[in-house]
Amino acid sequence: LVLMVIIEDTRNKPDKNAHIKEQLESMGYTVMRSKLLVGDYTFATNQSICIDTKKDLSELCGNVTGDHKRFRDECERAREAGIQLIILVADDNIENLSGVFSWKNPRRFYSKKATTGRTLGKILYNMRDKYDVQFEFCKREDTGKRIVELLGGQT
């Protein structure tokens, strides 16, 4: 019997990510909580790939613009530790990194200074190239399934 255990970072709020835990458990995975060096989810038996989940593109935009140093530090920690960091964004309208360029930031309705999709796209491509971080996208209801796929597990 092989235990299929996925570790969820303890800094992840369980109530906000209950749907992900439910999805993972419905596929036969056990979800345990423990502090991770980077990201939100990884396999207990192989932590060379870590998934950092974002609830939408607005959250990612805030991370790479307002929280840039903290986000960059996490990318550097992953690279130094030999961990492939994958940022998984739950967004029903964006399918890949190039799709970010056409993203309409809802904050633009209130402020013309808010980041455009074009600017965010450039930032993400730069971060991908500089830190070897991967950006993936999925629909919210497929988040658990995509986490398992990206970690190289069975769905």
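Annotations for the structure displayed:
- For residue 38: the one exception among (1) touching a Gly at 6+ places or on another chain (Cβ under 9 Å); (2) surrounded by 13 or more Cβ atoms within 10 Å (Cβ to Cβ): (1)
- The set of residues in segment 104-155 that are of a type in the set (S, T, N, Q), surrounded by 13 or more Cβ atoms within 10 Å (Cβ to Cβ) and within 26 Å of residue 81 (Cα to Cα) comprises 134, 143.
- Taking (1) open to solvent by 40 Å² or more (accessible area, probe 1.4 Å); (2) part of a strand (DSSP E or B); (3) under 30 Å from residue 113 (Cα atoms) in turn, residue 53 satisfies each apart from (1).
- Count of residues meeting criterion [among the aliphatic types (A, V, I, L, M), assigned to a helix (DSSP H, G or I) and over 23 Å from residue 152 (Cα atoms)] in segment 86-121: 2
- Candidate set: segment 101-116, residues that are in contact with a helix residue (DSSP H, G or I) (Cβ under 7 Å, 6 or more places away or on another chain) and in contact (Cβ under 8 Å) with a residue 40 or more places away in the chain; chosen: the one farthest from residue 91 (Cα to Cα): 115
- The condition of being out of contact with any strand residue (DSSP E or B) (no Cβ under 7 Å at 6 or more places or on another chain), under 23 Å from residue 154 (Cβ atoms) and either assigned to a helix (DSSP H, G or I) or aliphatic (A, V, I, L, M) (or both) holds for only one of 59, 22, that being 22.
- Residue within segment 79-88 that is open to solvent by 90 Å² or more (accessible area, probe 1.4 Å), closer than 30 Å to residue 5 by Cβ and touching a residue at least 60 places away in the same chain (Cβ under 8 Å) present: no
The values are calculated or read from the model by the stated rules, or taken from the named source; none is laboratory data. Not measured: the values here are computed from a predicted model. Neighbour counts run over all protein chains shown; Cβ positions are idealised from the backbone, glycine included. Only protein heavy atoms, including side chains, enter the accessible area calculation; ligands, DNA and RNA are left aside. Shrake-Rupley method; radii C 1.70, N 1.55, O 1.52, S 1.80 Å.
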